[in-house]
Amino acid sequence: MEKDLLLDKSYQCPVCGAAFKSKTVKSGRAKSTGSDLDLRPKYSGIDVAKYEAVVCPECGYGALAKYFAEMTSAQIKRIKEKITPQFIKKEYGRDIYSYEDAIDRYKLAYASALAKEAKASEKAYISLKMAWLMRGMRENLPKEEEDNETKKKELAGQEEKLLQNAASGFMEARMKEDFPMCGMDEFTVDYLLAALYTELEKYEDAIKLISNVIVNREAPTRIREKGKELKEIIGEKSKNKS
Ligand SMILES: [Zn+2]
């Protein structure tokens, strides 16, 4: 069961100092069922994307877990000015987070990233994971909504917008920032971008990026192999489209 794969992790808010707990996935317990083209990891019985945004229940500051504690004093000030005054306290699921809970938490994380003037890569990473959340929600619609095509279309539309945000953010970050970026080396970021452009049906951009990864001798073999597979997929998809 989903709740058996979770634990309450303790945090201290860098903005307001509050101590609180946030649900997190126990490491190594969920069974992997592979990944999507854009590196979204999949597990049996749980959508891990629901648990990656951490939100302080007192002041509304939010971030992806790995970025939560990292803050300058200027950023703390901006959160206090721009986020906290508008924040309305709310309760999230006691045992598990629903998709609605998770979306709300990601929105707070994204608003905080804007307020703290986070790097392009951090904002892109939030968009990417939120796109995965929309995909997960669409794949896991409750029985009574399984055939709700309007709902599915709406979620697919939101996912596409977020994937676009992620792609343009990572393109910007690739020019301006150092690697590793969000835990990814430059080859992985280029692979990811090529995969995002494939999903967005921008095949020319995708081919350009993935070709550079495949021919680069410095790229790890694993990512070059994945690159070759992606290139084949792009070839098929662009053929079907034209
Ligand atoms: Zn706080």
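The values are calculated or read from the model by the stated rules, or taken from the named source; none is laboratory data. Bear in mind the structure is a predicted one, so any value in this text is a computation, not a measurement. Using ideal geometry, Cβ is built from the backbone for each residue, glycine included, and neighbour counts are taken over all protein chains shown. For accessibility, only protein heavy atoms count, side chains too; no ligands or nucleic acids. Shrake-Rupley method; radii C 1.70, N 1.55, O 1.52, S 1.80 Å.
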Within the stretch 66-97, tally of residues that are within 18 Å of the chain's Cα centre (by Cα) and open to solvent by less than 40 Å² (accessible area, probe 1.4 Å): 3
Pairs, first aromatic (F, W, Y) in the stretch 117-139, second surrounded by fewer than 21 Cβ atoms within 10 Å (Cβ to Cβ), C-beta under 7 Å, six or more apart: Y125/L64; W132/R40
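Take the residues of the stretch 49-65 that are open to solvent by 20 Å² or more (accessible area, probe 1.4 Å) and either without any contact (Cβ under 8 Å) to a residue 40 or more places away in the chain or in a loop (DSSP other than H, G, I, E, B) (or both): which is nearest to the ligand (Cβ to nearest atom)? Steps first, please.
Of all residues in the stretch 49-65, those open to solvent by 20 Å² or more (accessible area, probe 1.4 Å) come to 52, 57-58, 65.
Filter once more, so that each one left must be either without any contact (Cβ under 8 Å) to a residue 40 or more places away in the chain or in a loop (DSSP other than H, G, I, E, B) (or both): 52, 57-58.
Details: E52: 18, P57: 8, E58: 5 Å.
Checking each candidate, the answer is E58.
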So K143, is it of a type in the set (D, E, K, R), open to solvent by 50 Å² or more (accessible area, probe 1.4 Å), out of contact with any Asp or Glu (no Cβ under 9 Å at 6 or more places or on another chain) and modelled with pLDDT under 95: yes
Residue, least open to solvent (accessible area, probe 1.4 Å), within the stretch 4-36, restricted to residues that are part of a loop (DSSP other than H, G, I, E, B) and touching a Lys or Arg at 6+ places or on another chain (Cβ under 9 Å): V15
Only one of E199, E117, E177, E160 that is open to solvent by 10 Å² or more (accessible area, probe 1.4 Å), at pLDDT 95 or above and at positive phi: E117
Where G17 falls short, out of the listed (1) within 14 Å of the ligand (Cβ to nearest atom); (2) among the small types (G, A, S); (3) in contact (Cβ under 8 Å) with a residue 12 or more places away in the chain: (3)
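Test E160 against the stated conditions and say whether it is assigned by TED's automatic domain parsing to the domain that holds Y67 and within 16 Å of the chain's Cα centre (by Cα).
Working: assigned by TED's automatic domain parsing to the domain that holds Y67: yes; within 16 Å of the chain's Cα centre (by Cα): yes.
So E160 fits the description; yes.
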